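Peer 1: My questions will all concern the structure given below.
The values are calculated or read from the model by the stated rules, or taken from the named source; none is laboratory data. Values in this document were obtained by computation on a predicted structure and should not be read as measured data. Ideal geometry is used to build each Cβ from the backbone, glycine not excepted, and the neighbour counts take in all protein chains shown.
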Amino acid sequence: MEILRTLGIEENNQGASTGVHWNTTRENGKIDVVSPVDGRLLASVFRASEEDYRDVSLAAKEAFSVWRKMPAPKRGEIVRQIGDALRDKKNALGALVSWEMGKSLQEGLGEVQEMIDICDFAVGQSRQLYGSTMASERVEHRLYDQYHPLGTVGIISAFNFPVAVWAWNAMLAVVCGDTTLWKPSSKTPLTAIAVQHILAEIVAANKLPEGLFTLIIGSGSTVGEQLLQDPDVPLISLTGSTRVGRHGAQVVASRFGRAILELGGNNAIILTPAANMQLAVPAIVFSAVGTAGQRCTTTRRLIVHESIYDRVKDVLVKAYGSLRIGSPLDERNHVGPLIDVSAVAAYQKALEALQEQGGTILCGGNVLSGKGFESGCYVEPVLAEAENDYPIVQEETFAPILYLIRYSGDVENAIALQNDVVQGLSSSIFTENLREAELFLSAAGSDCGIANVNIGTSGAEIGGAFGGEKETGGGRESGSDAWKGYMRRQTNTINYGTQLPLAQGIKFDI
Ligand code: NAD
């Protein structure tokens, strides 16, 4: 495939080191990367061994001792070059994201644009790693805090944003003076390899230590587990399911490491009688079926006031009927494939459970076959009626299934339903009533990390801190002051006087 060659990837023969640290073992078997678009084998990638892991971890550790001393704005200059290289490769890398993950070409390109944007953001951030100066209570003393690099940051990423989430973490981490060790999802290793090639050129051109960016490809239970347990990795940023995140958090905590956890969501939109339906309907449909329901911020629950419920239901059934399902590379299609056949099985299982628990499917629910659907990964988006307390509604099913839930009375009741799940990632309300909107955003409102008014739940801008509460893990990445998570804070007190006054007025005469 031409795009693989453009990105420096040889088909069916991946694994050798190309001057940057990653898998070198050839004896550990291969991961076949099959495209959900048409079922073709894109390439096979050698699995890393435990020894490969130790090599890359050591390389990252050694690079840190050099990199942490480089002035932060100079580190920013390297990130600027990475942003430019991504601009050059945007089309090829965006297309590979689509082929490997199955999202639309527009979204694949958008994902690379997000990488470019976070590079720009991180370049600016490299001159703004601010600490504070506090007023000391002691005479002739200065008190301040400063932020130092932390070490190697382990980045474990999910298949659905195969490269953007890495960039959110890695670009901030490197301007903060850290080195990075990336374990991508074994469902999407090719885009990671393509990025590693792009980085390799910049590392070589600037004569930087090779371990600045390292990559390890293998399963979660092998190299992923090694990474979680590695005492030389003070911070693990883990994006994935709550199941994997819960385990990762425990392993990292047991060695007193830090974790940034970006886990599953169960995102809801509230539609009140004061909603503007012109805005709400396209937002709901895009948020629920975009990326075939495989965004952590996908809308999974729609909580609708009873007075408008039937009307909303009719409009949505009609809108779902007009969705075109097919190759994500064809821009006329709205819905592409799920990542693999195991995701299709999870979709089918969820629909069975829904019906057993009393839910009704209003439309969709079939797995598509025949011409154009050879991969077996295309499913019809589902609109279903359900209750918020059904066990299946309480879970995140990573597929395009939207549960319609009715509420009555005041908006407080809708907010209570929206909060009544274990996850806390993204939420939104459609209303033109100021009181409802402000209540939703208040301390008594949505309990999620992201709360929106009059836009859907899915998607986010890099300028804000991204993440969620409760079983979504509590991590924050990307914009605002998320950079602080990648550094260690040090509080400094300097006595420039000739006395030794103690804090809190304590006297100690000797
Ligand atoms: P997953 O949990 O199956 O895998 C995530 C990553 O963890 C992969 O790289 C996997 O190889 C690795 N892993 C698995 N077992 C491991 C172990 N024992 N040790 C270390 N690593 C291990 O998730 P997925 O199917 O790739 O992605 C979908 C999930 O990710 C959904 O739940 C989605 O909501 C979530 N997600 C969350 C965010 C967010 O920002 N909150 C963003 C994207 C995806």
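Peer 1: Could you figure out which of (1) within 27 Å of the chain's Cα centre (by Cα); (2) modelled with pLDDT of 95 or more isn't true of Glu461?
Peer 2: (2)
Peer 1: Hey, can you tell me all the residues within the stretch 238-248 that are in contact (Cβ under 8 Å) with a residue 24 or more places away in the chain and touching a helix residue (DSSP H, G or I) at 6+ places or on another chain (Cβ under 9 Å)?
Peer 2: Hits for the stretch 238-248 are Leu238, Thr239, Gly240, Val244, Gly248.
Peer 1: OK, next. Is it the case that Gly131 is surrounded by fewer than 23 Cβ atoms within 10 Å (Cβ to Cβ), in contact with an Asp or Glu (Cβ under 6 Å, 6 or more places away or on another chain) and modelled with pLDDT of 95 or more?
Peer 2: Against the criterion (surrounded by fewer than 23 Cβ atoms within 10 Å (Cβ to Cβ), in contact with an Asp or Glu (Cβ under 6 Å, 6 or more places away or on another chain) and modelled with pLDDT of 95 or more), Gly131 qualifies.
Peer 1: Would you confirm whether or not the stretch 245-264 contains a residue that is near the ligand (Cβ under 8 Å from one of its atoms), under 18 Å from Asn169 (Cβ atoms) and assigned to a helix (DSSP H, G or I)?
Peer 2: The answer is yes; a qualifying residue exists.
Peer 1: To continue, here is another question. If a residue must be more than 28 Å from Pro162 (Cβ to Cβ) and basic (Lys, Arg), how many such residues does the stretch 294-335 contain?
Peer 2: 3
Peer 1: So is Asp447 surrounded by 12 or more Cβ atoms within 10 Å (Cβ to Cβ) and more than 12 Å from the ligand (Cβ to nearest atom) or not?
Peer 2: Yes, satisfied.
Peer 1: Which of the numbered conditions does Leu263 fail, given that it passes all the others? Conditions: (1) under 20 Å from Leu417 (Cα atoms); (2) in contact with a Ser or Thr (Cβ under 6 Å, 6 or more places away or on another chain); (3) crowded, with 17+ Cβ neighbours inside 10 Å; (4) not charged (D, E, K, R).
Peer 2: Of the numbered conditions (1) under 20 Å from Leu417 (Cα atoms); (2) in contact with a Ser or Thr (Cβ under 6 Å, 6 or more places away or on another chain); (3) crowded, with 17+ Cβ neighbours inside 10 Å; (4) not charged (D, E, K, R), the odd one out for Leu263 is (1).
Peer 1: How many residues are touching a residue at least 40 places away in the same chain (Cβ under 8 Å), more than 26 Å from Gly326 (Cα to Cα) and assigned to a loop (DSSP other than H, G, I, E, B) if we restrict to the stretch 16-48?
Peer 2: 9
Peer 1: While we're on this one: Taking the condition more than 16 Å from the ligand (Cβ to nearest atom) and within 17 Å of the chain's Cα centre (by Cα), does Cys119 pass?
Peer 2: yes
Peer 1: I've got another one for you. Against the definition (in the same structural domain as Trp22 (by the TED database), near the ligand (Cβ under 7 Å from one of its atoms) and within 22 Å of Leu425 (Cβ to Cβ)), how does Leu227 come out, yes or no?
Peer 2: Against the criterion (in the same structural domain as Trp22 (by the TED database), near the ligand (Cβ under 7 Å from one of its atoms) and within 22 Å of Leu425 (Cβ to Cβ)), Leu227 does not qualify.
Peer 1: Also, quick follow-up: Within the set of pairs 6+ apart or on separate chains, which have a first residue in the stretch 479-491 that is within 16 Å of Ala167 (Cα to Cα), a second that is crowded, with 21+ Cβ neighbours inside 10 Å and of a type in the set (Gly, Ala, Ser), and C-beta atoms under 7 Å apart?
Peer 2: Tyr486/Ala173
Peer 1: So how many residues does the stretch 51-100 have that are under 13 Å from Phe213 (Cα atoms), crowded, with 18+ Cβ neighbours inside 10 Å and aliphatic (A, V, I, L, M)?
Peer 2: 7
Peer 1: Then there's this: Given (1) under 30 Å from Glu374 (Cα atoms); (2) out of contact with any Leu (no Cβ under 7 Å at 6 or more places or on another chain); (3) part of a helix (DSSP H, G or I), where does Lys74 come up short, assuming only one miss?
Peer 2: (1)
Peer 1: On to the next question. With the requirement that a residue be away from the ligand (no atom under 16 Å from the Cβ) and within 25 Å of Gly29 (Cα to Cα), what does the stretch 201-221 give you?
Peer 2: Gly211, Phe213
Peer 1: Moving on. Does the stretch 417-431 include one or more residues that are farther than 23 Å from Glu262 by Cα, assigned to a loop (DSSP other than H, G, I, E, B) and modelled with pLDDT of 95 or more?
Peer 2: Within the stretch 417-431, one or more residues are farther than 23 Å from Glu262 by Cα, assigned to a loop (DSSP other than H, G, I, E, B) and modelled with pLDDT of 95 or more.
Peer 1: Related question: Being in a loop (DSSP other than H, G, I, E, B), of a type in the set (Ser, Thr, Tyr) and closer than 24 Å to Gln504 by Cα is the filter here, so list the residues in the stretch 127-152 that pass it.
Peer 2: Selection gives Ser132, Ser136.
Peer 1: May I pose another question? Which of (1) outside any loop (DSSP other than H, G, I, E, B); (2) surrounded by fewer than 24 Cβ atoms within 10 Å (Cβ to Cβ) is the odd one out, the single condition Val289 does not satisfy?
Peer 2: If we test Val289 against (1) outside any loop (DSSP other than H, G, I, E, B); (2) surrounded by fewer than 24 Cβ atoms within 10 Å (Cβ to Cβ), just (2) comes out false.
Peer 1: Of the residues in the stretch 265-280, how many are in contact with a strand residue (DSSP E or B) (Cβ under 7 Å, 6 or more places away or on another chain) and either within 13 Å of the ligand (Cβ to nearest atom) or without any contact (Cβ under 8 Å) to a residue 40 or more places away in the chain (or both)?
Peer 2: 4
Peer 1: Further question on the same structure: Given the conditions (1) assigned to a loop (DSSP other than H, G, I, E, B); (2) within 26 Å of Gln294 (Cβ to Cβ); (3) aliphatic (A, V, I, L, M), and given that Ile198 satisfies all but one, which numbered condition is not satisfied?
Peer 2: The failed condition is (1).
Yes/no matrix, rows are residues, columns are (1) touching a strand residue (DSSP E or B) at 6+ places or on another chain (Cβ under 7 Å); (2) in contact (Cβ under 8 Å) with a residue 24 or more places away in the chain; (3) away from the ligand (no atom under 13 Å from the Cβ); (4) farther than 29 Å from Ile3 by Cα:
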residue: Asp145; (1), (2), (3), (4): yes, yes, yes, yes
residue: Val153; (1), (2), (3), (4): yes, yes, yes, yes
residue: Val165; (1), (2), (3), (4): yes, yes, no, no
residue: Met171; (1), (2), (3), (4): no, yes, yes, no
residue: Thr180; (1), (2), (3), (4): yes, yes, yes, no
residue: Ser185; (1), (2), (3), (4): no, yes, no, no
residue: Ile193; (1), (2), (3), (4): yes, yes, yes, no
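Peer 1: Okay, moving on. So which of Ile455, Ile462, Ile494 ends up being surrounded by 21 or more Cβ atoms within 10 Å (Cβ to Cβ) and of a type in the set (A, V, I, L, M)?
Peer 2: That would be Ile462, the only listed residue that is surrounded by 21 or more Cβ atoms within 10 Å (Cβ to Cβ) and of a type in the set (A, V, I, L, M).
Peer 1: Please enumerate the residues belonging to the stretch 201-216 that are surrounded by fewer than 24 Cβ atoms within 10 Å (Cβ to Cβ), part of a helix (DSSP H, G or I) and not acidic (Asp, Glu).
Peer 2: Within the stretch 201-216, Ile202, Val203, Ala204, Ala205 qualify.
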